[in-house]
Each structure stands twice: as structure tokens, then as C-alpha cells.
Amino acid sequence: MKTGVAISDILLPKTDDYSAFAVVACDQFTSDGDYWETLKNLTAGKLTTLDMILPEYYLNGNDIDERIAKINKNIDDYALKACVIKDGMVLSVRSITGGRKRIGLITTVDLEEYDYKKGSKALIRATEATIPERIPPRLKIRKDASMEFPHVLVFIDDERREIIEPLFNDKESFDKLYDFDLNMNGGHITGYKIPNPTVVKEKFTALIGKERLVSKYGEEYPFSMAVGDGNHSLATAKAHWENIKKDLPLEETENHPARFALVEIINIYDDGVVFEPIHRIIKGVDKEKFALGFEKIAHGTETLFMGENSISFNGELSVPEAIIKVDEYIKAFVNDFGGEVDYVHGDSETKEKVLNSSDTVAILFNPIDKSILFPYVVKGGCLPKKTFSIGEGQDKRYYLEGRKITK
């Protein structure tokens, strides 16, 4: 029975300084040049994935082609020297903000079983709307790369905690692959080699039993995983595979490495999974004019923050429904009167940006209940873009495990 899970070789570095090697996902700190410059200085002269990725902070630079060519060469050089874990699965134990631990399973998923379109009935589905325009820049980076270093986090809805949690309980009997502090306040991470990946893979069939699907979601279409973070990165991997597949004989499509993508699978009930709201900041606007129109739309329980004159709403819309209405209003207002939208995590950071500006407002949302995620995706398709974040920026996945995506 297909579950969407696959097994492939995993590459890890031969290095004495894992802390320099692993760096945070490229889609974090996109407006914080100081973060990336500090990281660059910290890892200078050392083996690091910073030399094998393109942080989105630099995405609009004039030297993109040169950067990508250099990245691909660095990847090729690394692949020749890396340590290969045959048919690998890795248990990842991550300490994050607040003293919590997040437990993940690093393995491969089949892109043939993934579809990011709204209303998809695929085994692996997106949780938020995928913006097609965001794929080409990422595809430009991936199309000539010989390896991937993933930051995609994928959820399973395992309320009985039968797949990943037993591995955590048995971790001391596994070979330890790494154990170190992540740089830039990323916490601590330990990795263990799973000795029986095929047995673990088979456990995923329990998630797609017909009786369970009907009982939990009211439909029998198999649904095993939902992309929690890195939707656009996985969509890019899918697009890359579709491009390659066009020129392949049918028999070569079954096991071509580009058909698969390395991800971290996490149980949505894991204690380390906390959904943080993503707030909207609108810069360069007349505050009173913005507020006047905003009050007239339908609301949930969001807050329009303008400093002293902030307004809290107590409407009947759910958080996703409220986000749709708010985003529609923002788009129309900016189109008519100008302004610039940004997406920010953290209440204090958001409020600080408003208080320090005379022409900036913010809309603060409450977090969604993580238990509604799978049922919502089944019934409503994808959530609106930027609905939630899995923790703070430094808690996002760091690039560490890698995988060959070319023959």
C-alpha cells in the first residue's frame, strides 16, 4: 500500500564542526541582513551549508546567476567527500525555544504522491495556498543542483503516537550520528540512525486505513501527510521532477532520485509543535483611512494595532476565514492608496514596528488550533498563505542531512 514514504541514501558531513555546517532555512530572516552577515563571518573558512544554499535575503541581488553557479560547485565538491548513510532514516531530537523538544523523522517522500493544488486528494497535501510565482526563482536554484538540503517539515496526524514516539523511546539503542549546539541561538540537536527503516515505513499504512479516514475526516481518500513548513520548497521539488520526467523513459521514472524529496516528518501532536500566528504589517499608509475601511469588513478575533488607538474585534469568523477577509482588504487598500505589506512573527516585534512609525499599522491574529489542521485541509483545501508558523525563526529546520537528486 502506498503511503508516500520512501527510503534513500542520506549524506552527512565529515567534519569536526557541525555547528558551523548546519544553518537555518533560507526563507528565514528575509529582512535581516545583519543575521546573514553575522552567520557568514561565523562560518567563514569552515565547511558549511551556507555555501550550498541561497538565503532569500539575497534573492533580489544582481549576482544571482554567479551565486547559483558557485553554490552548485560547492555542492558537487561536498558530495564527493560526504559520509553516506545507505537506505537512511534519521531520528532528529531538537531543543527549541521555551525548553521544548521537537522530535522528527528525516526520510524521503515520493513526489508522485504529492499535490499542492487546493482541493487535492493526494496522499501528501499542502496546508497553505501555494503561489506559483514563487516557484521559478527556487527552480532556478534546484534545476542544476546535484544535491538537496531540505528544510521542509511535514506533519502526520498520529494521535496514538505510534510511529515516531516509539523511536524516541528506543533512541539510546540506536547509533548516534551527531549531537551539537546549533549556531545563532538555534538550540541543540541530536540525530540517531534508525536501524529498521523498512519496518518504520510500513507503520505509515495505519494512517490511511479506510475506517480511520472516514471516522476522522469524513472521507475515504487516503491522506497521510500535510506539509507544515516549506510548502514552496516542496512545490519546487515537484516542478523540478515534472520537468525531468518529460524526457525519461517510463522505466526510469520509478527510481530516479529527483522523483523523491528529503523531508522531516513530525507528529502534529508532538509537544514541540506550537503554531505561532503570522501577523500583517502595512507600511506607508494613512492610519485613519485604513482603519475606517477595515472596520467595515467581516471579522474574527483579530486586532488592528495602531498604537494607542488599537481596535480588537470579536467577530464570528474562524482564524483562516478572517485571514482571507483581511488579506482581501489589504490588497484592495494598497491597490487604491499605496502601501507595502510584510508578514511578521511575534506580538512584541510586530507592535514595535508600528510604534516606531507614523504610517504603519498591523493586524494581529490568534494562533489556530493545530488539531483542526488536517480536517480543515480535507474539507476546505489549503489554508490562506501565511496562516501560521511553526515556532520562531531560529526554531525552523537547519540544513544538515543532504541527498543526491541526480544520477
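The values are calculated or read from the model by the stated rules, or taken from the named source; none is laboratory data. Treat the numbers as computed from the prediction; the structure is a model and nothing was measured. Neighbour counts run over all protein chains shown; Cβ positions are idealised from the backbone, glycine included.
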* Asked: Of all residues in region 69-100, which are in contact with a helix residue (DSSP H, G or I) (Cβ under 9 Å, 6 or more places away or on another chain) and at pLDDT 95 or above?
  -> Lys70, Ile71, Asn72, Asn74, Ile75, Tyr78, Asp87, Gly88, Met89, Leu91, Val93, Arg94
* Asked: Counting residues that are of a type outside the set (A, V, I, L, M, F, W, C), touching a strand residue (DSSP E or B) at 6+ places or on another chain (Cβ under 6 Å) and touching a residue at least 60 places away in the same chain (Cβ under 8 Å), which strands (runs of 3 or more DSSP E) fully inside region 267-369 reach at least 3?
  -> 275-283, 340-345
* If we scan region 327-341, do we find a residue that is modelled with pLDDT of 95 or more, polar (S, T, N, Q) and more than 23 Å from Pro367 (Cα to Cα)? -> yes
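Out of region 376-390, which residues are out of contact with any Pro (no Cβ under 9 Å at 6 or more places or on another chain) and either of a type outside the set (A, V, I, L, M, F, W, C) or in a strand (DSSP E or B) (or both)? Break it down into steps so the answer makes sense when it comes.
Of region 376-390, the ones out of contact with any Pro (no Cβ under 9 Å at 6 or more places or on another chain) are 377-379, 381-382, 385-386, 390.
Passing the criteria: Lys379, Gly381, Lys385, Lys386, Ile390.
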* To do: Report those helices (runs of 4 or more DSSP H) wholly inside region 153-227 carrying at least 3 residues which are modelled with pLDDT under 95.
  => 210-217
* Might you let me know whether region 112-122 holds any residue that is in the same structural domain as Lys238 (by TED's automatic domain parsing), at pLDDT 95 or above and within 29 Å of Ile189 (Cβ to Cβ)? => yes
* Structure fact -> Log entry, pairs with first residue in region 125-147 being closer than 25 Å to Ile10 by Cα and at pLDDT 90 or above, second being basic (Lys, Arg) and outside any helix (DSSP H, G or I), beta carbons closer than 6 Å, six or more apart or on different chains, reads Met147/Lys404
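Within region 92-100, is even one residue closer than 30 Å to Lys171 by Cα, touching a strand residue (DSSP E or B) at 6+ places or on another chain (Cβ under 7 Å) and among the charged types (D, E, K, R)?
Taking region 92-100 and keeping what is closer than 30 Å to Lys171 by Cα, we get 92-100.
Checking which are touching a strand residue (DSSP E or B) at 6+ places or on another chain (Cβ under 7 Å) leaves us with 92-96.
Subset that is among the charged types (D, E, K, R): 94.
Scanning region 92-100, I find at least one residue that is closer than 30 Å to Lys171 by Cα, touching a strand residue (DSSP E or B) at 6+ places or on another chain (Cβ under 7 Å) and among the charged types (D, E, K, R), so the answer is yes.
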* Asked: Is there any pair linking a residue in region 157-173 that is in contact (Cβ under 8 Å) with a residue 40 or more places away in the chain to one that is part of a helix (DSSP H, G or I) and loosely packed, with under 12 Cβ neighbours inside 10 Å, with Cβ under 8 Å and at least six apart or on different chains, and which?
  -> none
* Structure fact -> The strands (runs of 3 or more DSSP E) lying wholly within region 1-119 that contain at least 1 residues that are among the polar types (S, T, N, Q) and either within 30 Å of Lys245 (Cα to Cα) or touching a residue at least 40 places away in the same chain (Cβ under 8 Å) (or both) are 8-12, 90-95, 101-110
* Hey, any hits in region 338-360 for a residue that's of a type in the set (Phe, Trp, Tyr) and closer than 19 Å to Lys386 by Cα? -> yes
* Asked: Say we look at region 17-35 and pick out the residues that are among the acidic types (Asp, Glu) and farther than 16 Å from Ile189 by Cβ; which of these is surrounded by the most Cβ atoms within 10 Å (Cβ to Cβ)?
  -> Asp27
* What single numbered condition from (1) at pLDDT below 95; (2) more than 30 Å from Glu202 (Cβ to Cβ) fails to hold for Ala44? -> (1)
* Going by the conditions given, is Val263 modelled with pLDDT of 95 or more and part of a strand (DSSP E or B)? -> yes
